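Reviewing the structure listed below.
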Amino acid sequence: MPITQAFQTIIDHISILDQNGRFDEKLGKDLIPDEDVVRLYEHMSICRHLDEVAFKLQRSGRMGTYPQNMGQEATSLGAAYALRKSDWLVPCYRENAGLFWRGLPMEYILLHWMGDERGNQIPRELFITPLAIPIGTQMLHATGLAWAHKYRGEENIACTFFGDGATSEGDFHEAMNFAANLDIPVVFFCQNNFWAISVPGKIQCSAPTVAQRGVAYGMECIQCDGNDLFACVYATRQAAERARKDKRPTFIEAVTYRLGDHTTADDARRYRDQAEVDLWKQRDPLIRLREWMKSRKLWNDTKEAALAERAERDVAAAVKRAEEIAAPHSNDFFDHMFAEPPADLVAQRDSLQTHSLAERERVEA
Amino acid sequence: MATREIEFRDALREAMSEEMRRDVRVFLLGEEVAEYNGAYKVSKGMLDEFGPRRVIDTPISESGFAGMAIGAAMMGLRPIVEFMSWSFSLVAADPILNNAPKMLYMSGGQFGCPIVFRGNDGAGGQLGSTHSWCVESLYSNVPGLKMAIPSDPHDAKGLLKTAIRDDDPVFFLESERMLGMKGPVPEEEYLIPFGQSIVRRRGADVTLISFGRPVHFCMEAAEALAPEGIDCEVIDGRTIRPLDIEAFVRSVRRTNRCVVVDQSWPFASVGSEVVAQVHERCFDDLDNHVHRVHSDDVPTPYASNLEQAYLPNVRKICEAVRSATYRA
């Protein structure tokens, strides 16, 4: 018998507004109304400013470790824009733009990185899960959330975010396998930013695209330009429709780049070439969108200046609100351990309470 | 109350099926739980009754289904995750230890994880070291979870029903060696609250405290020691978290001697925890330091005779009791 072909696949790449300002009128037509483009741009710009402020707060000891989002704003924002408000956003920790678009007040993120658990006390009606700092765990949670909606016959879906590094984790493969085999309405949104802290992408994945990892699980896979807001919206909208209608998962690889450090705890200059960074700076999602808006007479320098002022004001106000929140009391850490606290935990809390009262009296005396 | 004799595995199934009839949020998932009726036939017939939507065969992917159950629980469902063997839960350590017991805490009370993780725990009879894990000492160290470990069909059913209705993650430890054990189980519905131990044998000279399968070793040892004039009280802890320390203390204050029998390894174990707590509360009541009996500090041996020698067996318990009561 001759050797025949068992399987062949193609990974499509979506680009609508490219780095040279070329716009695909066919794909981009009616994708995002002009007024929304402006709002989305404003959003990205404010997020960018938050990054700068947060970096300074960390350096001046007013914030713990902080992961800058710089360069990746279009990915989660495009996804959040394409989804319904009742679809789950299941983030890792570099999705500020998407979370703010959904309605998460900025001080939650600030509070979290200032080292306060209450930053993760996200109101349930926002359909956002707590930031997942371990790599990859949230993909399984997203799969379970989406499965639960399907179980109840509801239309909600889940979209989970992770980086290229996370696609090496077992959780990624187990979540993808589950979602594909059990027909779960979940969107796996990979932000391929080429660096897992200091580990380059080629150590995570030998295949030419990360997207094709999903092919092996039998799910639809697509690559998009992650610095192109339009492409991110387009890809997510397709995936969301597939999830809602066919209860099928999709794997999106959004190709982007982390312009900053992994977090404030590392210095990317030690492991990356400046030439590479400079190249990606030219592909900055903000610049691209701004030029496009200008070409359509939606934006001008006056508006840009006003936006810069607004960003400064909004971020400063959010920092103020976050810093004004009083530090948690030591007794509080017994809250939310169980639905009903068991006797031994109550005893520990009471003992700590007695101790802190005695301590306060001693200090006051 | 009308009772009948049923097997431990039937008691587990009755508990799950009753709760699934009662509450549509409850569902069962795990390897082979549906079409194959469960590797140990615990879920026999459940697929027929509840259908593939609620009795779900999963890929061989413990971390996968444990993590997925967390997401489903966050959405208000109540998954029962069957691990087949708790030994296999080790590859799901991140979801079961790092996520489920902390989700409520880390989300500031926004997301609870009402999940029952269940499966066989401990030496199953020549399964070899990798498949014979006693996870109670390792896992009970983690705050935010509950742990139940029944020793007979009656408790298996009553505790499992309580576990399924609990709003927090419950680690439910069964034993392959006990699945075929028969015992009286009421026809009527009943639940056994967590944190309430039970006295299996009244005695005056020494208190034996144990959990799960070794409770039976304690009962045998008590019978063996009776002719020597040692009258043992045997307490079955039933749950490890919460721990019914008050009942242990009441008994030890009466007998003034105590032996703790725990099937896990000795170092930093459930046994050492109980010993510490009894010492803290009964120091002035004790005629001797609390003794403890464990499995030996080696991987579970494969050979039948060695596995028997390794377990906290009747011989070891008798020796410890004699020593604790100064009869050695």
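The values are calculated or read from the model by the stated rules, or taken from the named source; none is laboratory data. Given the structure is predicted, the values throughout are model-derived calculations rather than measurements. With ideal geometry, Cβ positions are generated from the backbone for all residues, glycine too; neighbour counts draw on all protein chains shown. Side chains included, ligands, DNA and RNA excluded: accessible areas come from the protein's heavy atoms. Shrake-Rupley method; radii C 1.70, N 1.55, O 1.52, S 1.80 Å.
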For the stretch B:163-181, the count of residues that are farther than 21 Å from B:Ile245 by Cα and in a strand (DSSP E or B) equals 1
Within the stretch B:252-276, the count of residues that are closer than 19 Å to B:Ala123 by Cα and either open to solvent by less than 20 Å² (accessible area, probe 1.4 Å) or of a type in the set (D, E, K, R) (or both) comes to 8
All conditions in (1) open to solvent by less than 70 Å² (accessible area, probe 1.4 Å); (2) in contact (Cβ under 8 Å) with a residue 24 or more places away in the chain; (3) hydrophobic (A, V, I, L, M, F, W, C) are true of A:Ala265 except (1)
Within the stretch A:118-128, residues open to solvent by less than 30 Å² (accessible area, probe 1.4 Å) and either facing another protein chain (nearest Cβ under 7 Å) or of a type in the set (Lys, Arg) (or both) come out as A:Asn120, A:Ile122
Restricting the stretch A:153-164 to residues that are under 21 Å from B:Pro114 (Cβ atoms) and more than 8 Å from every other protein chain (Cβ to nearest Cβ), the one surrounded by the most Cβ atoms within 10 Å (Cβ to Cβ) turns out to be A:Asn156
Note: among B:His279, B:His289, just one is modelled with pLDDT of 95 or more, open to solvent by 10 Å² or more (accessible area, probe 1.4 Å) and assigned to a helix (DSSP H, G or I), namely B:His279
Exactly one of B:Pro150, B:Pro143 is in a loop (DSSP other than H, G, I, E, B), buried (at least 21 other Cβ atoms within 10 Å of the Cβ) and at pLDDT 95 or above, and that residue is B:Pro150
Within the stretch B:47-67, restricting to residues that are among the β-branched types (Val, Ile, Thr) and open to solvent by less than 30 Å² (accessible area, probe 1.4 Å), the one that is farthest from the other protein chains (Cβ to nearest Cβ) is B:Val55
When (1) touching a residue at least 12 places away in the same chain (Cβ under 8 Å); (2) within 12 Å of chain B (Cβ to nearest Cβ) are applied to A:Arg242, the one that fails is (2)
Taking first residues from the stretch A:342-362 that are small (Gly, Ala, Ser) and second residues anywhere that are open to solvent by less than 90 Å² (accessible area, probe 1.4 Å) and part of a helix (DSSP H, G or I), the pairs with Cβ under 7 Å that are 6 or more apart or on different chains are A:Ser356/A:Ser330
Against the condition more than 8 Å from every other protein chain (Cβ to nearest Cβ), part of a helix (DSSP H, G or I) and over 30 Å from B:Gly180 (Cβ atoms), how does B:Leu97 come out, does it pass?
yes
| query | Do the conditions hold for A:Ala311, that is, is it open to solvent by less than 80 Å² (accessible area, probe 1.4 Å) and either free of Cβ contacts under 8 Å to residues at least 24 places away in the same chain or outside any helix (DSSP H, G or I) (or both)? | reply | no
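Yes or no, residue by residue, for (1) surrounded by fewer than 18 Cβ atoms within 10 Å (Cβ to Cβ); (2) among the small types (Gly, Ala, Ser):
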residue: A:Phe178; (1), (2): no, no
residue: A:Ile184; (1), (2): no, no
residue: A:Asn192; (1), (2): no, no
residue: A:Lys202; (1), (2): yes, no
residue: A:Gln212; (1), (2): yes, no
residue: A:Met219; (1), (2): no, no
residue: A:Val233; (1), (2): no, no
residue: A:Ala240; (1), (2): no, yes
residue: A:Ile252; (1), (2): no, no
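In this structure, does B:Ile70 turn out to be crowded, with 20+ Cβ neighbours inside 10 Å, more than 11 Å from chain A (Cβ to nearest Cβ) and either under 23 Å from A:Gly170 (Cβ atoms) or of a type outside the set (D, E, K, R) (or both)?
no
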Taking the stretch B:158-209 and keeping residues within 30 Å of B:Ala324 (Cα to Cα) and within 14 Å of chain A (Cβ to nearest Cβ) leaves B:Phe194, B:Gly195, B:Gln196, B:Ser197
A:Asn96 passes all but one of the listed conditions (1) at the interface with chain B (Cβ under 7 Å from one of its Cβ atoms); (2) within 15 Å of the chain's Cα centre (by Cα); the exception is number (1)
Within the stretch B:153-181, the count of residues that are open to solvent by 10 Å² or more (accessible area, probe 1.4 Å) and farther than 28 Å from B:Gly112 by Cβ comes to 5
*Does the stretch B:83-94 contain any residue that is crowded, with 24+ Cβ neighbours inside 10 Å, within 7 Å of chain A (Cβ to nearest Cβ) and touching a residue at least 12 places away in the same chain (Cβ under 8 Å)?*
no
Just wondering, is there one or more residues in the stretch A:197-219 that are modelled with pLDDT of 95 or more, in contact with a Pro (Cβ under 9 Å, 6 or more places away or on another chain) and over 30 Å from A:Arg288 (Cβ atoms)? yes
Among B:Phe117, B:Phe111, B:Phe172, the single one that is free of Cβ contacts under 8 Å to residues at least 40 places away in the same chain and among the hydrophobic types (A, V, I, L, M, F, W, C) is B:Phe111
Exactly one of B:Arg54, B:Arg9 is within 15 Å of B:Gly119 (Cα to Cα), assigned by TED's automatic domain parsing to the domain that holds B:Gly124 and among the basic types (Lys, Arg), and that one is B:Arg9
Among B:Pro242, B:Pro227, the single one that is touching a Phe, Trp or Tyr at 6+ places or on another chain (Cβ under 8 Å) and surrounded by fewer than 23 Cβ atoms within 10 Å (Cβ to Cβ) is B:Pro242
Exactly one of A:Gly163, A:Gly201 is more than 28 Å from B:Pro52 (Cα to Cα) and touching a residue at least 60 places away in the same chain (Cβ under 8 Å), and that residue is A:Gly163
*Test: A:Ala142 is at the interface with another protein chain (Cβ under 7 Å from one of its Cβ atoms), closer than 19 Å to A:Tyr81 by Cβ and surrounded by 22 or more Cβ atoms within 10 Å (Cβ to Cβ)*: yes
Filtering the stretch B:13-29 down to residues that are within 14 Å of chain A (Cβ to nearest Cβ), of a type outside the set (D, E, K, R), crowded, with 16+ Cβ neighbours inside 10 Å and free of Cβ contacts under 8 Å to residues at least 60 places away in the same chain yields B:Met20, B:Phe27, B:Leu28, B:Leu29
Could you go through the stretch B:182-197 and let me know if any residue there is touching a His at 6+ places or on another chain (Cβ under 7 Å) and either open to solvent by 10 Å² or more (accessible area, probe 1.4 Å) or not in a strand (DSSP E or B) (or both). yes
Residue within the stretch A:1-23 that is β-branched (Val, Ile, Thr), touching a strand residue (DSSP E or B) at 6+ places or on another chain (Cβ under 6 Å) and open to solvent by 20 Å² or more (accessible area, probe 1.4 Å) present:
yes
Only unsatisfied item for A:Gly170, checking (1) at pLDDT below 95; (2) open to solvent by less than 10 Å² (accessible area, probe 1.4 Å), is (2)
